[in-house]
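K.L.:
Below is the structure I would like to discuss, written out as structure tokens.
The values are calculated or read from the model by the stated rules, or taken from the named source; none is laboratory data. Small disclaimer: the values here were computed from a predicted structure and weren't measured. Here Cβ is always computed from backbone atoms with ideal geometry, including for glycine, and neighbour counts include all displayed protein chains.
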Amino acid sequence: MVEELRTGEAAQDPYRRLFELSPDLLGIANQEGYFLELSPSWEKLGYTRAELCASPFLSFVHPDDQAKTIETAADLGRGTEVFTFKNRYRCKDDSYRWIHWTCVPTAERIYFVARDVTEQHALEAELRASRNEVEERYRELEQEMAERRQAEAALHAQNEAVRALSAPILQVAEGVLLLPVIGQIDAGRASMMMGKLLESIVQSAAGVTILDLTGVADIDTNTASHVFSLVHAARLLGSECLVSGIRPAIASTMVELGIDTSSLRTFGSLAAALSHALGLRAPRQR
């Protein structure tokens with residue numbers, strides 16, 4: 001009988017027909033917390049409209065959303081319109097759907113248009129999770145880059161320290177510099193040694209420079225070439241360059257390689273070269 005009455009009303013009232021056919025969840029509730037009338041679309045939750053109207057609407061709300069639903073109902077009781085409220089409603093199969101509400105209160109009634117936004121809410125949650133994951137990965141990359149820059153700076157400082165130690169220039173006496181060579185000399189190291197040696201000669205006005213090869217295990221043509229370059233550069237600045245640490249094995253190798261050592265002042269030990277240097281030292285000619 002009720003359905004026949006509604007059908008008849010719908011035929012006479014176009015607004016009633018809109019109410020009956022709307023895909024949105026339309027309805028009217030009272031201020032005591034009960035639905036008075038619902039559109040057929042509400043039956044998508046699995047209940048009949050009679051079942052939904054028989055219990056307080058709060059009983060269908062997810063426990064975690066009941067507190068904010070009560071607060072919103074209180075706002076409606078004070079005449080405040082609500083446009084952006086969302087909560088979860090329990091379906092007949094005990095699953096929950098997210099419902100978005102637009103409510104307009106009067107003295108005795110609350111008129112509302114609701115919409116099932118479960119899929120939209122899931123998509124938003126997925127997007128938030130993806131954004132959070134991207135932001136977290138970005139922070140991790142920033143941290144990795146900062147750590148890498150710090151490691152590179154430390155490595156650069158370490159390399160500079162090693163380079164400095166690989167060509168220490170020592171002033172062993174007034175006017176006498178000592179450059180001990182350890183290991184092989186490549187082009188890069190030779191260039192660095194050259195720059196440091198010439199700078200030290202100028203700063204200390206050294207008249208004698210000792211190039212000590214005691215720490216060189218073996219010598220080849222390239223190493224010999226770099227040694228000759230150092231000696232020649234020192235002499236151009238007016239510093240006599242002595243080469244010490246010429247062991248028998250190195251001397252034999254130099255002979256086998258055909259290296260001309262006639263222009264070198266060589267000594268078997270650093271002590272011998274230093275003794276000779278102390279006899280040679282004199283203020284440089286400016």
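K.L.:
For R247, only one of the following conditions fails: (1) within 19 Å of S275 (Cα to Cα); (2) at pLDDT 85 or above. What is its number?
P.N.:
(2)
K.L.:
Report, by residue number, each residue of the stretch 201-246 that is among the hydroxyl-bearing types (S, T, Y), in a helix (DSSP H, G or I) and out of contact with any strand residue (DSSP E or B) (no Cβ under 6 Å at 6 or more places or on another chain).
P.N.:
Answer for the stretch 201-246, where residues must be among the hydroxyl-bearing types (S, T, Y), in a helix (DSSP H, G or I) and out of contact with any strand residue (DSSP E or B) (no Cβ under 6 Å at 6 or more places or on another chain): T221, T223, S225, S229.
K.L.:
For the stretch 108-139, enumerate the residues that are free of Cβ contacts under 8 Å to residues at least 60 places away in the same chain, within 20 Å of T69 (Cα to Cα) and among the aliphatic types (A, V, I, L, M).
P.N.:
Selection gives V117 alone.
K.L.:
With the requirement that a residue be of a type outside the set (V, I, T) and either exposed (fewer than 14 other Cβ atoms within 10 Å of the Cβ) or within 15 Å of G238 (Cα to Cα) (or both), what does the stretch 195-210 give you? Steps first, answer last, please.
P.N.:
Initial filter on the stretch 195-210 (of a type outside the set (V, I, T)): 195-200, 203-207.
Listed by number, the residues that qualify are G195, L197, L198, E199, S200, Q203, S204, A205, A206, G207.
K.L.:
Filter the stretch 1-48 down to residues that are over 22 Å from N87 (Cβ atoms) and acidic (D, E) and give me whichever is modelled with the highest pLDDT. Before you say what the answer is, go through the steps one by one.
P.N.:
Applying the first criterion (over 22 Å from N87 (Cβ atoms)) to the stretch 1-48 yields 1-21.
Next cut, acidic (D, E) only: 3-4, 9, 13, 20.
Numbers: E3: 49, E4: 48, E9: 51, D13: 75, E20: 88.
For the stretch 1-48, the residue satisfying everything is E20.
K.L.:
I need the full set of residues from the stretch 87-114 which are over 20 Å from N30 (Cβ atoms) and either among the aliphatic types (A, V, I, L, M) or crowded, with 16+ Cβ neighbours inside 10 Å (or both), in order please.
P.N.:
Let us first name the residues in the stretch 87-114 that are over 20 Å from N30 (Cβ atoms), namely 88, 90-98, 100.
If the condition is that a residue be over 20 Å from N30 (Cβ atoms) and either among the aliphatic types (A, V, I, L, M) or crowded, with 16+ Cβ neighbours inside 10 Å (or both), then R88, R90, Y96, R97, W98, H100 are the ones that fit.
K.L.:
Kindly list the number of the only condition in (1) under 53 Å from the mean Cα position of the chain (by Cα); (2) surrounded by fewer than 19 Cβ atoms within 10 Å (Cβ to Cβ); (3) modelled with pLDDT of 85 or more; (4) not hydrophobic (A, V, I, L, M, F, W, C) that fails for D186.
P.N.:
(3)
K.L.:
Any chance you could count how many residues in the stretch 247-264 are surrounded by fewer than 17 Cβ atoms within 10 Å (Cβ to Cβ) and outside any helix (DSSP H, G or I)?
P.N.:
Going through the stretch 247-264 one residue at a time, the tally reaches 7.
K.L.:
Would it be correct to say that S41 is within 51 Å of the chain's Cα centre (by Cα), in a helix (DSSP H, G or I), exposed (fewer than 14 other Cβ atoms within 10 Å of the Cβ) and of a type in the set (S, T, Y)?
P.N.:
Numbers: within 51 Å of the chain's Cα centre (by Cα): yes; in a helix (DSSP H, G or I): yes; exposed (fewer than 14 other Cβ atoms within 10 Å of the Cβ): no; of a type in the set (S, T, Y): yes.
The answer is no for S41.
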